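One structure below.
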Amino acid sequence: MEHSITLVLVALGAVFGIWGFCFLRRKIRAVLYSARVLGKALEQQADRLEETPKSVSGMTKVFLPQIQRDFPEFNWKEFQQKTENMLKSALRAIDARDEALLVDASEELHRQISLRVAELKESGQREYFRNIAIHQTEIAHYQKEGGTCAILVQSAVGCLHYTENAAGELVSGSRERKVQTKYNTELVYIQDAALLQDGATAVGVTCPNCGAPVTRLGSKFCEYCGSGLREISVRVWSINKIAEIL
C-alpha cells in the first residue's frame, strides 16, 4: 500500500514538474517575445526620431512685416541663406577646430567659436558635426530696444554629432545615428561707430538737410524734406551669436 502511494506521489510530482516546466518555458518565451517587440519598437522610434526634423518657432509671417517697415530693403531670403551658411560654417569650424572656416561671422561670434575650439584643444577632445542638413529656418522673434534691433532666427538642423577623446574613443553621441536639434542665431543691427560724427548716436540720427529726426530705422530718405540719408546710415546687420536649443 505504501509502495503504491509512493508511486502515485512520484507520478504526481512528475506531472506537476512537467507542467511547471512547460508553464515556466511559456512565461520565458512570452517575456523574450515582449522584449523583442519592445526592442523593435524602440528601434523604430529611434529611426523616426533620427529622420524627423525638430519643429521651429516659425513667426516669420508675424515679424517680417514689422522688420520690413523698419528696414524697407531687408531681404529675408538673402539673410536666411546667409544665416544657414554661417551656421554650417560654425559647426564645421568646431569640427575642424579651425575658426578660420567661419563665414559671415561677427567678432563676437568669432570669439565664441574660438573659445569652444580652445576648450576642445585643451581637453584633447574632438567634437564632430558630419552630414549637416538644415531643414528649416524661420524668424522666431524681433526686438527693438535702446536703439538696437535684433532678429532671433531659429533653424532645424540634422547631423551626425559625436565627441571623441584623445584616444579616439567615443565620449558622447553616435557615429551612426543622426541627431535632430535646433539652433538660435541672432542677427543684430549694430552701430558702426566709425561713421558717427560729433558724438551722434544711433538713437539720435537727424537729417543733414533739415535737421528733422530720422524716426524710421533703415530709412534712405528724410520723411520731411526728401533728402537722401544714405550717407548717414550708421548701422549694419551682423550675425552675432549662435546657441543650440536643448
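So that you can scan it fast, the table gives a plain yes or no per residue for (1) outside any helix (DSSP H, G or I); (2) without any contact (Cβ under 8 Å) to a residue 24 or more places away in the chain; (3) small (Gly, Ala, Ser):
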position	(1), (2), (3)
His110	no, yes, no
Ile113	no, yes, no
Ala118	no, yes, yes
Asn131	yes, no, no
His135	yes, no, no
Tyr142	yes, no, no
Ile151	yes, no, no
The lone exception for Leu64 - which of (1) surrounded by 15 or more Cβ atoms within 10 Å (Cβ to Cβ); (2) in the same structural domain as Gly173 (by TED's automatic domain parsing); (3) within 16 Å of Tyr183 (Cβ to Cβ) it fails
(3)
When residues of segment 70-96 are filtered for being surrounded by fewer than 16 Cβ atoms within 10 Å (Cβ to Cβ) and at pLDDT 90 or above, how many remain?
6
Report every pair of residues separated by at least 6 positions or lying on different chains whose Cβ atoms are under 7 Å apart, first residue within segment 54-82 and within 20 Å of Glu223 (Cα to Cα), second loosely packed, with under 15 Cβ neighbours inside 10 Å.
Phe74/Gln68
Of the numbered conditions (1) in contact with a strand residue (DSSP E or B) (Cβ under 6 Å, 6 or more places away or on another chain); (2) surrounded by fewer than 19 Cβ atoms within 10 Å (Cβ to Cβ); (3) farther than 15 Å from Lys241 by Cα; (4) not β-branched (Val, Ile, Thr), Ala150 fails exactly one; give the number of that condition.
(3)
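The values are calculated or read from the model by the stated rules, or taken from the named source; none is laboratory data. Everything quoted here is computed from the prediction, not taken from an experiment. Note that each Cβ is placed from the backbone with ideal geometry, even for glycine, and that neighbours are counted across all protein chains shown.
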